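Take a look at the structure set out below.
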Amino acid sequence: MAWLAAGEGYEIALVEGRVAARSTTGRAAGRQLKSLPKALKDHPEVDRLRRLSEWLDRHAAACVAQVDTWMVSSLPVPTELLARVWPDEAWQSALRDLAVVGDDPEEVGFLRDATESGELKVVNLDGETVRLSPRTVTLPHPVLLPDLDDVREFAAELGIVQRVEQIHRATWHKPDGLAAAATEVRDYAGGVFPTRFSLAARATGLGYRVSGGYATCKVRDSGAGTEAAVWIGEPYYEDETTTGALSWHDENGRAVRLPEVGPVAWSEGMRMAAALYAGRKIEEGAGA
């Protein structure tokens with residue numbers, strides 16, 4: 001952004017997300033200073049830029065969260081919408097290099113550009129840049145991608161780095177032979193935490209919602225809303241606590257039997273349970 005006058009002999013601008021200053025006089029004229037001069041610390045223009053920087057950070061985080069929601073839920077996103085937000089650097093950073101699928105579910109490509117006319121430029125798995133103009137695209141959850149290992153290998157060859165964790169997201173596939181009436185998974189139950197507060201803090205720090213005695217995450221799977229939930233203990237419980245069972249519930253709050261849990265809901269629920277369990281207390285000398 002442009003440099004703005006601030007006080008006598010100085011200009012300020014946002015540089016890499018922080019307020020920077022440069023002198024406009026003397027031998028150092030035009031040179032960026034290592035730190036803000038004392039005379040500028042309380043200047044109203046500096047305060048205005050700081051607030052702008054904070055807003056930009058919140059906006060960037062909101063873009064990443066929205067794109068993550070589209071991906072986790074495999075929601076169809078209008079191509080026109082992608083074209084409209086693409087000029088915004090925060091949106092572009094969140095969307096660039098995500099795997100997208102258009103009209104042909106077998107054709108996966110990495111998003112590189114979106115034009116004003118609603119055309120998408122993607123690099124397909126043959127390494128060719130192609131143009132797509134579907135009405136909508138999906139940003140598929142990795143558990144739904146065929147040949148995911150090949151996609152990951154090709155992405156590594158291209159040097160792709162995704163702002164939203166997609167192709168390198170940890171995934172779990174639902175095993176066969178689950179009991180027809182079972183509604184809980186206890187693979188990650190029993191993780192010990194000093195207090196219920198510390199476990200709840202880990203859940204919120206990882207981006208999960210804490211409601212009552214549960215850490216939860218919502219996804220849409222095969223068009224239906226599903227909420228995965230891990231028991232973390234009664235609110236306000238101050239003593240040592242442990243992670244409980246993982247279960248899934250439909251939009252009406254009814255428990256979903258394990259054979260009926262969709263692939264994305266299963267993967268995301270297990271991912272949450274594993275992430276919570278990873279923060280448990282480990283006795284010295286005990287194995288991980």
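The values are calculated or read from the model by the stated rules, or taken from the named source; none is laboratory data. Please read all numbers here as calculations on a predicted model, not as lab measurements. Note: ideal-geometry Cβ built from the backbone for every residue, glycine included; neighbour counts use all protein chains shown. Each accessible area value is taken on the protein alone, full model and side chains, heavy atoms only, with ligands, DNA and RNA left out. Shrake-Rupley method; radii C 1.70, N 1.55, O 1.52, S 1.80 Å.
Here are the numbers:
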| read-out | value |
| --- | --- |
| Computed magnitude of the charge dipole of the range 145-287 (debye, nearest 20; Cβ of K, R +1, Cβ of D, E -1) | 340 |
| Percent of Cα-Cα distances greater than 25 Å, calculated over the range 70-192 | 31 |
| Listed residues Ser35, Ser23, Ser222 arranged by accessible area, highest first, probe 1.4 Å | Ser222, Ser35, Ser23 |
| Most mobile listed residue (Ala255, Ala273, Ala20) in the chain, GNM with C-alpha springs under 10 Å | Ala20 |
| Charge dipole of the range 44-134 about the Cα centre (unit charges at C-beta), most positive-ward option of Pro134, Leu81, Gly102 | Leu81 |
| Sites Asp42 and Asp88, calculated FRET efficiency, Cβ-Cβ separation with R0 30 Å, nearest 0.05 | 0.45 |
| Centroid-to-centroid separation of the range 56-102 and the range 118-164 [C-alpha atoms, Å] | 14 |
| Cβ crowding within 10 Å averaged over residues, with 4-13, 39-48 ranked highest first | 4-13, 39-48 |
| Val85 accessible area, assembled protein chains, probe 1.4 Å, Å² | 20 |
| Accessible area, probe 1.4 Å, largest first, for residues Asp57, Asp176, Asp250, Asp104 | Asp176, Asp57, Asp104, Asp250 |
| Area of Glu106 that stays accessible when all protein chains are in place (1.4 Å probe, Å², to 10) | 130 |
| Net charge of neighbours whose Cβ lies under 9 Å from the Cβ of Phe193, counting Lys and Arg as +1 and Asp and Glu as -1 | +3 |
| Rg to Rh quotient for the chain, alpha carbon positions, Kirkwood Rh | 1.08 |
| Size of electric dipole in the chain: Cβ of Lys, Arg +1 and of Asp, Glu -1, about Cα centre, debye, nearest 20 | 1300 |
| DSSP bridge pairs, the range 1-134: antiparallel proportion in percent, nearest 5 | 95 |
| Computed E for Thr69/Ser35 - FRET, C-beta separation, R0 41 angstrom, nearest 0.05 | 0.60 |
| Alpha-carbon radius of gyration plus Dmax, which is the widest Cα pair, for the range 78-150 in Å | 11.6, 34 |
| Thr129, Thr183, ranked by accessible area, largest first (probe 1.4 Å) | Thr129, Thr183 |
| Nearest-10 value in Å² for the accessible area of Arg202, using the 1.4 Å probe | 80 |
| Virtual spin-label span in nm between Glu116 and Asp239, 7 Å along Cα→Cβ | 6.7 |
| Simple label model, 7 Å out from Cα along Cβ direction - Trp3 to Leu206, nm | 4.8 |
| Gain on full stretching of the segment that runs from Ala61 to Ala180 - 0.36 nm per residue minus C-alpha separation | 38.8 nm |
| Most fluctuating residue given options Leu199, Leu33, Leu75, as computed from a GNM of the chain linking Cα atoms under 10 Å | Leu33 |
